[in-house]
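First up is the structure itself, then whatever we jot down about it.
Each reported figure results from applying straightforward, stated rules to the coordinates on display, with no laboratory input. What you are looking at is a predicted structure, and each value in this text was computed from that prediction instead of being measured. Here Cβ is always computed from backbone atoms with ideal geometry, including for glycine, and neighbour counts include all displayed protein chains.
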Amino acid sequence: MTNGFVLATDPMLPPHGLEGAVYAIGNFDGLHLGHQAVIERAVAMAREQAAPSAQALAAIAGARAIIIGPSNPLASIGPILAVPGIREALAAAAAPVVAVSPIVGGEVLKGPTASFMAFAALECSADGVADFYGELLGGIVADENVGRLTTLQTDTRMDDEAGRARVAEETLDFAEALVS
């Protein structure tokens, strides 16, 4: 272990003691050799080995709003959606599914989202985020309009607690208004 990161030479074989874990190779300032294999393996593992709990499915079915946070759609949310039954449960939910775009002011504020979006041939914009989620979304929260989708266009920068609280409150209000 170096600087809190586990070093591995083969992206398909976990280091000793981390069997079953999802781990990353290299740094995430861009899409490096190994990242594609890691993401593809994480998604494959989710499809092969994971299953949603009855409680998770019940929570989705009974939710009044389902919010997908401003995380990397491919690396963070994609493996969750790959779990058999999750995407279907979200699509069948009575509650609106709303994503908060991780793209702010035309750029990614942290992490490798831009590189992952480029790798997947998706525009690095709220439109690209909407394209990734497709028909799951009933709306999106972004600082730019997404013409084909109901959009709450607002300042999505969350630099402090007040900003995070404001975006959370606006997002919940927006999601609940979609049902009305």
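Annotation: amide H-H contacts under 5 Å for V141 (H modelled 1.01 Å from N, sequence separation of 5 or more, or interchain): A99, V100, S101, L152.
For the pair the stretch 125-180 and the stretch 89-123, the centres of their Cα atoms are 10 angstrom apart.
Ordering of 137-143, 87-93 by packing is 137-143, 87-93, highest average first (other Cβ atoms within 10 Å, averaged per residue).
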